[in-house]
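Take a look at the structure below.
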Amino acid sequence: MNAIVAIPSSHPGGLDAALGAHFGHCDLYTVVQLEQGEIKQVQVLPNVPHQQGGCMAPVQHLASNGIQVLIAGGMGLRPLMGFNQVGIQVFYGGGSETVGQAVNALAQGRLSQFSQENTCGGGGGHQG
């Protein structure tokens, strides 16, 4: 697999960081460049404030930074539809504890595409 992958992460990010439980409320994203299923580059991308643009703000933020794939443990239906609209594939990484585990599972073809069954109501009484 060749892709630029974003993974919601706890501070400070990187392959050993804990997977952020909910994409829109994570501290930051660890961005991994995969080439032929191998990690070529790891960077950290700060998240945007959730209040500005609601749950669609992180979708646009990731799209504008060239992200092609997102691994997430949780998100609402609206942002999932938003990712589909901007061409970002979303995979469910709920079984992974660290960013590195999630990326390796993706590279080995062990993650399933995020579907409506994986969506949640979001946090704080609103979706996103």
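The values are calculated or read from the model by the stated rules, or taken from the named source; none is laboratory data. All figures in this text were calculated on a predicted structure; none of them were measured in a lab. In this analysis, Cβ positions are derived from the backbone assuming ideal geometry, glycine residues included, and neighbour counts consider all displayed protein chains.
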For this session: State yes or no: is ILE67 within 22 Å of PRO49 (Cα to Cα) and part of a loop (DSSP other than H, G, I, E, B)?
Result: yes
For this session: Identify the single condition in (1) more than 20 Å from SER96 (Cα to Cα); (2) not in a loop (DSSP other than H, G, I, E, B) that PRO49 does not satisfy, given that it satisfies every other one.
Result: (2)
Problem set entry | From the options ALA21, ALA57, residue that is aliphatic (A, V, I, L, M) and not in a loop (DSSP other than H, G, I, E, B) | ALA57
For this session: Considering only residues that are within 10 Å of the chain's Cα centre (by Cα), surrounded by 24 or more Cβ atoms within 10 Å (Cβ to Cβ) and of a type outside the set (Gly, Ala, Ser), look in region 63-79 and name the one that is modelled with the lowest pLDDT.
Result: MET75
